[in-house]
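Before any comments, here is the structure.
Read the figures in this text as sums done on the coordinates, not as results from a lab. Small disclaimer: the values here were computed from a predicted structure and weren't measured. Because the Cβ atoms are built from the backbone with ideal geometry, glycine has one as well, and the counts that use them run over all protein chains shown.
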Amino acid sequence: MGLMTRTSHLLNADLHCHSLLSDGVLTPAELAQRAGQNGVQLWSLTDHDELSGLAEAREVCRTIDLPFIPGVEISSTWANRTVHIVGLNVDAENEALQTGLQAIRDERVSRARKLAERLEAMGVQGSYEGALRHAANPQLVSRTHFARYLVEQGYCSTMQEVFDRYLGDKRAGNVRVHWSRLEEAVGWIVAAGGRAVIAHPGRYIFDATQADAFFDAFRQMGGEGIEVVTGSHQPEQCRKYTKVAQRYGFLASRGSDFHAPGESQLDLGALPELPSGLKPVWHDWV
Ligand code: AMP
Ligand code: MN
Ligand code: MN
Ligand code: MN
């Protein structure tokens, strides 16, 4: 692969996905193989609040000659809302990043207990133990693991139904959690030599004023990028965030947010092209 293709907006870059070390179901090795088989040309593993899958992912990528970018997706709060910030090209040995993520993982464990109590009140039995059975990494118990348990037990037939009826931000899922503050998340990523990227902007329920304030604050804190092409964007959202990237001077990222075969919208690498007229977040990662 030549220099031109590696830095081009047409590169099949997939810079957002999850292994079983967070709320995916495949191992880092299985994901690396799958990315390679699906034609991904630049790949990042970005587990929620967790770095422990990166060494295995990097090792397999070395054996199959797949360029690899170590990443993470940090749970964060801005203006009382949860936002996700992807850190790309981070040094997984960085202490500020490691300590910050450990604090978030501790929050997840106590949050899971509260969530299970609320679900119990809604008639769902045994969800704490049930969710943990689905969580390969018990430190990283997520609403996704609760959702898989509710589907398994027949409370709902799809993951979407679980989020609509039980786990959404307006339902039992709305347990107050002390994630990182936005400036902390961006700060850890920058301290670890990485690039901070706003994950799936189309998912946040901000009005236009709040969205502008969010993008401004993120940029002032040292944030550099935004996902324009993601598994959670419809075509019109892709167009909308293309304009946002241009207006704010953000680097543009592309990632499937793949979690599990048959469960995720998009498979690894099966993404629309990054629109032209954007500077890819990978422009200088050759
Ligand atoms: P948590 O970080 O524990 O609050 O869990 C959030 C995770 O739930 C996200 O990373 C997604 O993987 C998953 N999720 C959120 N909303 C939905 C949805 N509507 N359908 C399926 N999965 C969802
Ligand atoms: Mn997830
Ligand atoms: Mn996310
Ligand atoms: Mn994600």
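Only one residue of 137, 127, 115 has its Cα farthest out toward the positive end of the dipole of the stretch 105-167, where Lys and Arg carry +1 and Asp and Glu -1 on Cβ, and that residue is 137.
Kirkwood analysis of the stretch 1-152, using all unique Cα-Cα pairs, places the hydrodynamic radius at 16.7 Å. Once you reduce the stretch 1-53 and the stretch 63-114 to the center of their Cα atoms, the two points are 16 Å from each other. When the chain is described by a simple charge dipole with +1 on each Lys and Arg Cβ and -1 on each Asp and Glu Cβ, the residue from 149, 201, 102 located farthest towards its positive end is 201.
Using unit Cβ charges (K, R positive; D, E negative) and no other charged atoms, how large, in debye to the nearest 20, is the dipole of the chain about its Cα centre?
600
The ellipsoid that matches the Cα gyration tensor of the stretch 105-167 has semi-axes, each √(5λ) in whole angstrom, of 18, 12, 10, with the longest given first. Counting Lys +1, Arg +1, Asp -1, Glu -1, what net charge surrounds residue 159 among other residues with beta carbon under 9 Å of its beta carbon? Around residue 159, the charge tally is -1.
Only helical runs count toward this figure. For the chain, summing -39,500 (n - 2.57) over DSSP H runs of n ≥ 4 and dividing by all residues gives -12000 deg cm²/dmol at 222 nm. In a reduced charge model with +1 at each Lys and Arg Cβ and -1 at each Asp and Glu Cβ, the stretch 107-209 shows a dipole moment near 80 debye about its Cα centre. Each other residue within a Cβ distance under 14 Å of residue 178 adds +1 if Lys or Arg and -1 if Asp or Glu, for a net charge of +3.
Both the radius of gyration and Dmax for the stretch 161-210 are 14.5, 40 Å, in that order, over alpha-carbon atoms. Using C-alpha pairs below 8 Å separated by at least 6 residues, the relative contact order for the chain is 23 percent. Scaled to the globular estimate 2.2 N^0.38 Å, the Cα spread of the stretch 142-239, given as radius of gyration, is 1.30.
When Rg is the radius of gyration of the Cα atoms in the chain and Rh is its Kirkwood radius, what does Rg/Rh come to?
My calculation of the ratio gives 0.95.
Dipole of the stretch 168-286, Cα-centred, from +1 at each Lys and Arg C-beta and -1 at each Asp and Glu C-beta, to the nearest 20 debye?
The calculated dipole for the stretch 168-286 is roughly 200 debye.
For the stretch 226-286, the relative contact order works out to 37 percent when only alpha carbon pairs closer than 8 Å and six or more residues apart are counted. Between the listed residues 22, 274, 7, the Cα displaced farthest toward the positive end of the dipole of the chain, a dipole computed from Cβ unit charges relative to the Cα centre, is found at 274. Electrostatic bookkeeping for residue 268 treats Lys and Arg as +1 and Asp and Glu as -1; over the other residues with beta carbon under 14 Å from its beta carbon, the sum is -3.
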